[in-house]
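Below is one structure; the comments refer to it alone.
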Amino acid sequence: MTAFNLKVVPQPHLGRFSAAFFRPFGTSLIGWGIGTSAAVALFMGSVPIFQKDVLRKFPLLDKYFADNTPDSDKPF
C-alpha cells in the first residue's frame, strides 16, 4: 500500500492551450476591453440609435440623454 493516492484530473483546455497559458493575458485584455468600450461610447455618443439602445440603459446616463425638446422646436 502506498502512503498517498494519486488522483489524475484532466485540466480544461482549448486545443493545446490550457487556462494557465491564457492567465497572463487576462489583465491586459481587460484593460483593452475597457478602453475600447469607452472609445466606442465616446465616438458613438451623438448617434441617436446608440443613445436609445445603449446609453439610456444605464441609470445615471438616462436623464442626461433624455430628449426634452418640445415637438414645436424639432425640425422633423
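Taking region 35-66, which residues are small (Gly, Ala, Ser) and either part of a helix (DSSP H, G or I) or at pLDDT 90 or above (or both)?
Within region 35-66, 35, 37, 38, 39, 41 qualify.
Within region 36-44, is even one residue under 16 Å from residue 61 (Cβ atoms) and of a type in the set (Ser, Thr, Tyr)? Show your work before the answer.
Filtering region 36-44 down to residues under 16 Å from residue 61 (Cβ atoms) leaves 37-38, 40-44.
Still in the list and also of a type in the set (Ser, Thr, Tyr): 37.
Taking every residue of region 36-44 in turn, at least one turns out to be under 16 Å from residue 61 (Cβ atoms) and of a type in the set (Ser, Thr, Tyr).
When only residues in region 51-76 that are surrounded by fewer than 10 Cβ atoms within 10 Å (Cβ to Cβ) and among the polar types (S, T, N, Q) count, which is nearest to the chain's Cα centre (by Cα)?
The extreme case among them is 68.
So in region 6-34, with the set limited to residues that are assigned to a strand (DSSP E or B) and modelled with pLDDT of 85 or more, which one is surrounded by the most Cβ atoms within 10 Å (Cβ to Cβ)?
Among those residues, the one meeting the criterion is 18.
The values are calculated or read from the model by the stated rules, or taken from the named source; none is laboratory data. The shown structure was predicted, so the numbers you read here are calculated from the model rather than taken from an experiment. Every residue, glycine among them, receives a Cβ derived from its backbone with ideal geometry; neighbour counts consider all protein chains shown.
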